[in-house]
1. Count, please, the residues in the stretch 320-343 that happen to be outside any helix (DSSP H, G or I) and either free of Cβ contacts under 8 Å to residues at least 12 places away in the same chain or within 10 Å of the ligand (Cβ to nearest atom) (or both).
2. Looking only at residues in the stretch 247-270 that are touching a Phe, Trp or Tyr at 6+ places or on another chain (Cβ under 9 Å) and not in a loop (DSSP other than H, G, I, E, B), which one is nearest to residue 336 (Cα to Cα)?
3. Kindly establish whether residue 167 is within 16 Å of the ligand (Cβ to nearest atom) and either without any contact (Cβ under 8 Å) to a residue 40 or more places away in the chain or surrounded by fewer than 18 Cβ atoms within 10 Å (Cβ to Cβ) (or both).
4. Looking at 297, 312, which is the one that is buried (at least 22 other Cβ atoms within 10 Å of the Cβ) and in contact with a strand residue (DSSP E or B) (Cβ under 8 Å, 6 or more places away or on another chain)?
5. So if I check each of 415, 346, 397, which one is part of a helix (DSSP H, G or I) and either among the hydroxyl-bearing types (Ser, Thr, Tyr) or in contact (Cβ under 8 Å) with a residue 12 or more places away in the chain (or both)?
6. Looking at 280, 284, which one is touching a residue at least 60 places away in the same chain (Cβ under 8 Å) and in a helix (DSSP H, G or I)?
7. Return yes or no: is residue 262 among the hydrophobic types (A, V, I, L, M, F, W, C), more than 16 Å from the ligand (Cβ to nearest atom) and within 20 Å of residue 294 (Cα to Cα)?
8. Suppose we filter 178, 214, 204 for residues that are farther than 23 Å from residue 277 by Cα, part of a strand (DSSP E or B) and touching a strand residue (DSSP E or B) at 6+ places or on another chain (Cβ under 9 Å); which single one remains?
Amino acid sequence: MNKWIKMYNEKLVSAEKIAKKIGSNTVCSSPIAGAESYAITEAIARRALEENLSNIKQCSLLSIRPKKIWDPRLNGKFNHVTCFTSANARKALWNNRCEFIPSFYHEIPDVWKYSVRPEVFYATVSPMDEHGYFSLGIGVSTCKSLIETAKKIYLEVNEYMPRIHGDSFIHISQVDAICECHKPLPELPSNNITDIDKIIGNYIAELVPNEATIQLGIGAIPNAAAQSLSTKKDLGIHTEMFTESMIDLIENGVVTNRKKNIHKGKSIATLALGTKRMYDFLNDNVGIEFYPVDYVNDPNIIGMHDDFISINTCIEVDLFGQVCSESLGVKHFSGVGGQVDYVRGAAKSKNGKSIIAMYSTAKNGTISKIKPILTKGSIVTTTRNEVDYIITEFGVAKLKGKTISQRAKSLINIAHPNFRDELTSAAKKMNLI
Ligand code: COA
């Protein structure tokens, strides 16, 4: 029998048996989103409830998979620490069951490694290959640093996890125990693209030259942007999250990655979240490589590409050009994620551009997302010193290199017409125009 298969069989146990190894006062960690362990984490949560364990803390990002861990009865028994919240984590944070550490995404590996220091790492991985390697699949992100930091490593093998190439593997010899849990990965369906999304997508496409390398954020606007790029040539992908819309760009020959300065011929990402179609597309696809986020999102690496275009979105922008993407006033919403990593990377890129694209209004047109000043308590995500382009369905505002009065005027021009008079009189009162 192959040595690695023998080792696999020796290390194979149930999720419950792994959970038994984790006691009170332990700091654990799980990868981002769809790559979180499911069976192990739920088994720990069950044990914490049934056996009255206390003070188990789990570090995670955008946690969406195990549901039991959010049970309010676990308060004080199984709590959370994160740098980017999902809907569940957001609610837990509002109820003091989740702690939040602000951090740029490319620095989170160091936050885990040097500040939080989780002792245990568990993750969902692809089945082992004949050489004893498991792929970390769609959740490479901060895994390497968590693996280096952990004293115990437990893997949950899932045949639905795609085998993704890159710096994305862990070897059986590094692992303390394995369980199997073959469950389809969580899916994030593509949003329907509206006429407004298409208008915004077309404005974005005007700023993307042939041979550019792109980063697309999550959501309907980046999706629409991808669709409007269908006539471009030789684009490259270097992105935080691989998204559904990138498949069409690759399959239709719009993305070739041939003109990239680094990683020629490869699409580069650090995580993925999408549909089964996307997970199948990523499986064993040598045209795509995932690397740790401290590399992929490093602004210096991003800046090595010429014509780098980053496309993200936000909650609101004020007339100074300050962008809030992570809170609704004082109320926490998400986190900085990779937004600033890409804004800074694009600024370092020769002819690079960073775009923040958004609808002009929220809440059925009742609130302008362009405000005279940010809502009291809002977190400034992208500062006015770094912001470049803001786009709404009413046009494009180029802010970088522009004076305060030019910025205010161009932002008012792309605000919804219902709010322009109000914004103009506020700008006059503030002496901006
Ligand atoms: N005032 C009041 N409410 C607002 C608002 C505003 N200015 N802007 C948005 N909202 C509300 C929406 O109506 C929505 O409420 P609902 O859930 O009740 O419908 C909610 O806030 C979320 O807004 P939405 O536009 O749907 O958010 P999203 O899911 O598209 O996420 C960000 C937008 C900015 C929160 C998200 O992109 C983010 O976290 N960005 C930071 C990280 C990042 O950019 N990473 C880049 C690499 S992927």
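Laboratory data are not the source of any read-out in this text; all were calculated from the coordinates shown. Predicted model, so just to flag it, every value in this text is computed and none were measured. Counting neighbours? That spans all protein chains shown, and the Cβs are built from the backbone with ideal geometry, glycine included.
1. 14
2. The extreme case among them is 269.
3. For residue 167, the condition - within 16 Å of the ligand (Cβ to nearest atom) and either without any contact (Cβ under 8 Å) to a residue 40 or more places away in the chain or surrounded by fewer than 18 Cβ atoms within 10 Å (Cβ to Cβ) (or both) - is not met.
4. Answer to the check: 312.
5. Only one candidate passes the filter, namely 346.
6. Numbers: 284 fails: in a helix (DSSP H, G or I).
Criteria check complete, one pass: 280.
7. So residue 262 passes the test.
8. 178
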